[in-house]
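Derivation of every value follows stated rules applied to the coordinates shown; laboratory data play no part. Every value quoted in this text rests on a predicted model; they were computed, and no experiment measured them. Note: ideal-geometry Cβ built from the backbone for every residue, glycine included; neighbour counts use all protein chains shown.
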Amino acid sequence: MQKRLKEKALELLSNCTVTRVLGWKTGEFFYDLTPAVFETAEEVEKEFVYSGFSGANLSKYLIQESRKQGKVAVFLKPCDSYSFQQLLKEHRILRENVYVVGISCNGLLDMEKIRAQGCEGVTAVTEDGDTLTVDTLYGTTKLSRNDCLLERCAVCKSKKIVAFDELIGEQGEELESNRFDRVAELEAMTPEERFAFWREELSRCIRCNACRNVCPACSCEKCVFDNEKSGVRNKAIADSFEENLFHIIRAFHVAGRCTDCGECSRVCPQNIPLHLLNRKFIKDINEFYGVYQAGADMDTKSPLTDFTLDDCEPSIVHERGGVQG
Amino acid sequence: MQRIGVFVCWCGSNIAATVDVEKVSQVLAQEPGVVFSTNYQYMCSQAGQEMIQESIHKYQLTGVVICSCSPRMHEATFRKTCEKAGLNAHMVEIANIREQCSWIHKDMATGTEKAVILGRAAIAKVHLNAPLTAGQSPVKKRALVIGGGIAGIQTALDIADAGFDVDIVEKQPTIGGKMTQIDKTFPTLDCAACILTPKMVDAAQHEKIHIYSYAEVEKVKGFVGNFQVTIKKKARYVDETKCTGCGLCTEKCPQKKVPNAFNLGLDNRRAIYIPFAQAVPKIATIDADYCTMLKSGKCGVCSKVCTAGAIDYKQTDTYIEEEYGAIVVATGFNPIKLDKYDEFAYSQSPDVVTSLEFERLMNAAGPTGGTLLRPSDGAHPHTIVFVQCVGSRCDDEKGKPYCSKICCMYTAKHAMLCREKYPDTDVYVFYIDVRTPGKNFDEFYRRAVEEYGVHYIKGMVGKVVPQDGKLKVQASDLLGGSQLHIEADMVVLAAAIEPDETARPLATMLTASMDTNDFFTEAHPKLRPVESPTAGIFLSGACQGPKDIPETVAQASAAAAKVIGLLCKDSLTCNPCTAQPDELMCNGCSSCEKVCPYGAITYADKEFRGPNRTTLLRRVAQVNPAVCQGCGACTVACPSGAMDLKGFSNQQIMAEVDAICR
Amino acid sequence: MMETIRRISGVNPRKCMKCGKCTASCPAYDEMEFHPHQFVDMVETGRIEELMQSKGIYTCLSCFACVERCPRSVEPAKLIEAVRLAVLRQQNENHLTANDIAEKLDPELPQQAITSAFRKYRK
Amino acid sequence: MSVTENFKPTIVAFCCNWCSYAGADLSGTNRLQYPANVKIIRIPCSCRLNPMFVLRAFQKGADGVILCGCHPGDCHYTTGNYYARRRMTLLFSLLDFMGIERGRTRVEWVSAAEGAKFAATMNEFTETIMKLGPNRRLEDLRCRKD
Amino acid sequence: MTYSYFPGCTLRTKGKELDQWGRAAAEVLGFALEEPENWQCCGAVYPMAKDEIATRLSSVRVLADAKAQGRELVTLCSACHHVIKRVNGDMQRDADICDKVNRYLKLDTPYAGETNVLHYLEVLRDRIGFDALKEKVVHPLTGVKIGAYYGCLLLRPGKEMGFDNPENPRILEDFIRAIGAEPVIYARRNECCGGYCTLENKSYATKQVDKIMDNAKAQGAQMLITACPLCMYNLKENATNGLDVKYFTELLAQALGVKEEAK
């Protein structure tokens, strides 16, 4: 795959289709791939990487990149393409300045999961079908690839690339996904248990803003949490309330726009399952207002800017099942 | 820092009885920014207002908090007071310590404590208030009247006489509406045509009135003072500028079997027609559903006989765009369909007719030339039964819950005319109640009973059985305590009336509200009866509720007066509390635009300074302050908080929250 | 008693606007001394005893014409049935007994005539 | 629990200007009592209520927050309450998901004619909050009053 | 298509043929009628009292049985149809009755009016279609002028029965057209024939029947058809000088050419 992407990048640069290519390169570690812009063939040859660790969703970078001189090529995995289309819908990306190469995807890897299976000091990971060969300082282990997928890939909602100029690999389908199972599990708990669960998780938040910075929906010119006039400006967390506030407001602001790309949880250094908040909104929206997938098309109204005359009342929250808090 | 004055009103004892006003003014005097605090018996009185004005000067107040009755009561009063003293009207906040405090609490300590908190919230808000100036939006000095019945005609004539241009849009080929089909009018028994047709001609000849007949409103955009309306002129396949209305084509057309809608299908007309002799405009129209030329391309008789060369089979619908300052709805009514009331055998016998059909049967221009004859066999009826309240006053889904209002009177008229013209007829009227509130109305009804010998029977008809050329009527006589069996020749049903079916989609276009019966809602049921709650939309005639002719005409003129009052102005003061985007923070994502009910938000590409001396072109929201009504839906839809609402800003509301929760 | 009738029937006689369409529709008018609109009125004014004594409660044909045609959804037939039930539910007040049947039988009579008579006229 | 016994809850009621604020006025005009714990903030329309305001109220010490607006279909701005309805439904659901007591938030549609309903709603809501006790799950300790 | 089928008392005894004709016709038209085991009498009169459930139980049993089979329930006798349809409506709309009935019956799964109740005529109209029926007719009753007699129970109360326009129904007229005959519209076709008082007061029943017959004759009817066995009996037996009255399934079977086989 990496070879095909590299060839495509070189081709697009050499035939002047684009002036830049947005892809991935190695960061501090081999599994720590970061987004990068390549302007020359040399850079591509030398630095361009695509591997099981190319999880980063590149769509958000196009907000800036598409406004610069010249056209930019971008590689989008299926879930990235949803984010891309959602941003297009919000007029955030200038489509004419972007050349989208859609790439099929069979799931990306989570270093945490590899480590969790006893692999310390990992020096290389090679893929061979469903098997991963993990080289460590202490020897080599073979793992099942499925056991090492990122959470979002383990419950992948769609292999369909919804926007592209060109495809590498096969176009996929929307999938039946059990991604809401964990949300449902939490819903089944008592309010006390849920409260304890979230306290436990959110109390670890260090307000590094990684979730915000990576999120394609969190792309405001100026975030309310940085804005003096918003009344909620807050750079560091001083109180449990502020931990809650930041994540509630963040989830609310992306509700109806979040494509469930899972980047927030992937980048969280404290491993807080932030995507569960967004998924809760998606699950509620699906149940209350009909199934809606942000970014799936260009014209459906977002559920929060839409309504029907006979929408459910907010009291549904109080009346439906579960233990009264 | 603002310099705030606090004024606590006693409202006589209304507030002072449960709120320690002295203490409230003392405590609030300690709040930051408060430079003056006092209390007074009646703040809204002349003396109270003067005290506020003096204090503004004396203490150089930049903000005023009045702790008094509801802002819905006196906010406007106090704003004016302060404005006169040179303070911006929007630097005034009211703390509602009467309706929401003194009147609902009995305990002085509780009331006082709450009043202080409400005062603090108002002070906190004033700290963040900024002077607001209302914008002005120009008024397009032209009115649109939708519906060309007696209501629409009267409204248009009155507006035009005041010197403003008026357009009438009428969906039928002629104006005149229901009144053209009526024979005589109660309680004076004037001939309807004799009093209506001159008005129709007046309207047509008035230099300020333009009539779009056979036309419908297609689209409405804009707002009070500045509506943009698209009118669809339906193809009538006759060139209006050429047709002389000679009527030759309507005699020569070979398609003779077209039910005549003007006579409610009681006789036939041709496929090309002029609805009636006094039609305005008197122009022929081809009924595309029946014209063989239009359907199969074979015929062309009308074209051949038309010396003016007015026939145009290729004509298509055309669209006209026009701007208006005000819109009057005059869409009128129709009798309901009677398919759910077939116990009266309406569908089974042609001799069971509606009251409107009966009008045509009595009318000299009607299918029987004005002689009352049974539709089935053309015989003179000798026994006629009138049934009242058919579909009115029903609480089931078959009928209407309201009283149709006009039926009692027109039935008395029908009964009277029958007895007068044909004294040998027996006339029965079955009624539930006889409702005759109106000038000379009850006298009229009594005349029908006393002078004309109409049999009024308190009771209802349960079943009509057509048999052997007769209508066997089974009815109750509640006062006589019997079940009656009458062999009638005709049965006349006073069908309930309902708003025209075009009213509902029109209301949606106008964003004017309607009640559950599809009547337009008035802005206030008593005090603003001819205005819709939507600014710039006015109501004339039966579209607002069942009405007889005198009432319709009165309301039509009232609506006209309101329209004239609006069109007299060169510009309108806008709501100053409008949404305002901070362009630096705007993402241009269109979320706000999608929730705006007024279409007040548009987008523009603007250049912004980027890093390293670059410029960035960004899409940012723009609010038209003339259109924005200040609901604030956009402010919450905006994820970045770029959109805020003047007068109810995020910071102001949060300051109030803080003060209350403190 | 008034309450009992209203409970059994579920009818609110106050909805009646006294138009008389029920009585105008009633095919059994001649067989009843009190007529449908009177049932409504008398239940409202509490004249239940008189209704319970009346023969009309057995001559109502349950044809539902009054229910169908009532513009106010009052459903007089339900009131008549409720009065009948109030009578039948009292001790020994069956209007029809098995002994009465034999003499009324004819060979063609469908079962449902008997079943329904029992249902209507017995506890 | 002594805290609960002396518990004087703070309740913030956001009322739309056209229906519910007028409804609250009417309950005053009719002298219908409801607890003084309820303090009303006037907003132009229920759709003006930003979830941030709700959270802010809890942060600063509110024990319950209620939004009142025109009945669906009667919005002065025609559609505002429909948006408010969706927003609050989702917000309340998320708060519930995070373990915040369900009873602390509520939306009620109160028309200008429903003074009695307004008072009844406030009595009922205050009672619910009294039962729930002070807001401890969504409080900012720095703003704690006792 | 298979339907649960509730024949009722009369069609099992005095009115056997009416039932057999209906079944034979169903076969030709391609639907099957299957009786639930151990059905009981519907009660013949709809219990209007809101405060009792005993009289509703047998109807609920057969409704619940149809639900368990996953079938719609078809009735042929209009009295049965009336009773079962309205009891089903009670189970849907009256929470109190529904609750009491379920507690009394202790069914495996609670019943709340899920079964769809269809009259045989509704099957012809809504499932088979009168046009399709017309195509299957082998002996059209050409030239016969037939008056439809609806009576009360199929139509009223219109809101609950949802069968046809209660004041101007057309389903039987459409049926008459489908079997090749000519319908005669007459106003008394939905007026009560007095069937319920045939046991107690024959002269009264006769008065009602005669009015109906006169009206039908005056409008030109040569015979009447009906969908209620009790009406049929009453119209036949108590008329002073009446027209011939037939059950609609007889004419249906005749038109489809299966009348003789059915016997």
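Within chain B, no helix built from a complete DSSP H run reaches 27 Å or longer along its own axis (Cα positions) while carrying a mean Kyte-Doolittle hydropathy of 1.6 or higher.
Rounded to the nearest 10 degrees, the inclination of helix A:275-289 to the longest alpha-carbon principal axis of chain A is 60 degrees.
Take the Cβ atoms of A:ARG115 and B:GLU583, set R0 to 45 Å, and the FRET efficiency comes out at 0.45. Taking other residues whose beta carbon is less than 11 angstrom from the beta carbon of B:GLU501, and scoring Lys, Arg as +1 and Asp, Glu as -1, yields 0. Couplings 3J(HN,Hα) for segment D:62-79, derived from phi with the Karplus relation 6.51 cos²θ - 1.76 cosθ + 1.60 (θ = phi - 60°), are 6, 9, x, 10, 10, 10, 10, x, 4, 5, x, x, 10, 4, 4, 9, 6, 10 Hz, where x marks Gly and Pro.
By its C-alpha gyration tensor, with a ≥ b ≥ c as the square roots of the eigenvalues, how is segment B:578-622 shaped: rounded for a/c under 1.5, else prolate for a/b larger than b/c, else oblate? It is prolate, given that a/c is not under 1.5 and a/b is the larger ratio.
Per-residue mean of foreign Cβ neighbours for B:585-597 is 6 (Cβ atoms of other chains, 10 Å radius). A cut-off of 5 Å between modelled amide H atoms, ignoring neighbours fewer than 5 places along the same chain, links B:VAL491 with B:VAL352, B:VAL353, B:VAL385. Within 13 Å, Cβ to Cβ, of E:GLU34, how many net charges do the neighbouring residues add up to if Lys/Arg are +1 and Asp/Glu are -1? Every neighbour counted, the sum reads -3. Peptide B:108-118 is shielded by partner chain Cβ atoms: per residue, an average of 2 of them sit within 10 Å of its Cβ.
When the Gaussian network model of chain A links Cα atoms closer than 10 Å, the mean-square fluctuations of A:GLN69, A:GLN171, A:GLN85 top out at A:GLN69. Each label was represented as a point 7 Å from its Cα along the Cα-to-Cβ direction; for D:ASN123 and A:ARG4 these points are 7.2 nm apart.
Could you tell me what percent of the DSSP beta bridges with both partners in the protein assembly as shown are antiparallel, to the nearest 5? Expressed as a percentage, antiparallel bridges in the protein assembly as shown total about 45.
Near A:ILE168, the amide H atoms lying under 5 Å from its own belong to A:GLY102, A:ILE103, A:SER104; only residues 5 or more places off or on other chains count, and H is placed 1.01 Å from N.
Helices in chain D that qualify as membrane-span-like (whole DSSP H runs, Cα extent of at least 15 Å along the helix axis, mean Kyte-Doolittle hydropathy of -0.5 or higher) are D:80-97, D:115-132.
Relative protection proxy for A:116-125, D:43-52, from highest mean packing down: D:43-52, A:116-125 (other beta-carbon atoms within 10 angstrom). Only helical runs count toward this figure. For the protein assembly as shown, summing -39,500 (n - 2.57) over DSSP H runs of n ≥ 4 and dividing by all residues gives -10000 deg cm²/dmol at 222 nm.
Packing-based ranking of B:60-67, B:482-489 yields B:60-67, B:482-489, ordered from highest to lowest mean Cβ neighbour count within 10 Å.
Rg/Rh for the protein assembly as shown (Cα atoms only, Rh after Kirkwood) is 1.02. What do you get for the angle between helix A:240-254 and the principal long axis of chain A? Use alpha-carbon atoms, 0 to 90 degrees, nearest ten. Roughly 70 degrees between the two axes. Legend: mean number of C-beta atoms from other chains within 10 angstrom of residue C-beta atoms, peptide B:343-355, equals 2. Compared with the dominant principal axis of the Cα atoms in chain E, helix E:78-93 is inclined by about 30°. First check a/c for segment B:4-128, with a ≥ b ≥ c the square roots of the eigenvalues of its C-alpha gyration tensor; if it is under 1.5, answer rounded, and if not, answer prolate when a/b is larger than b/c or oblate otherwise. Prolate is the answer for segment B:4-128, as a/c is 1.5 or above and a/b outweighs b/c. One decimal place: the segment B:GLU251-B:TYR452 gains 68.2 nm when fully extended, by the rule 0.36 nm per residue minus the C-alpha distance. Per-peptide packing, taken as the mean over residues of other Cβ atoms within 10 Å, places D:66-73, B:335-342 in the sequence D:66-73, B:335-342 from highest down. With bins 10 Å wide beginning at 0, the percent of Cα pairs of chain C falling in each bin runs 13, 43, 31, 11, 1.
Over what distance in Å are the Cα centres of segment B:89-106 and segment B:139-158 separated? Comparing the Cα centres of segment B:89-106 and segment B:139-158, I get a distance of 43 Å.
Sequentially through segment B:168-180, phi angles give Karplus couplings (6.51, -1.76, 1.60; θ = phi - 60°) of 9, 10, 10, 7, 7, x, 10, 7, x, x, 4, 5, 5 Hz, Gly and Pro residues having no value and appearing as x. 3J(HN,Hα) along segment A:157-167, derived from phi through the Karplus expression 6.51 cos²θ - 1.76 cosθ + 1.60 where θ = phi - 60°, amounts to 8, 6, 9, 8, 9, 8, 8, 6, 9, 7, 10 Hz, with x in place of Gly and Pro. The H on the amide N of B:LEU539, modeled in the peptide plane, is under 5 Å from the matching H of B:VAL329, B:GLU531, B:SER532, each at least 5 residues off or on a different chain.
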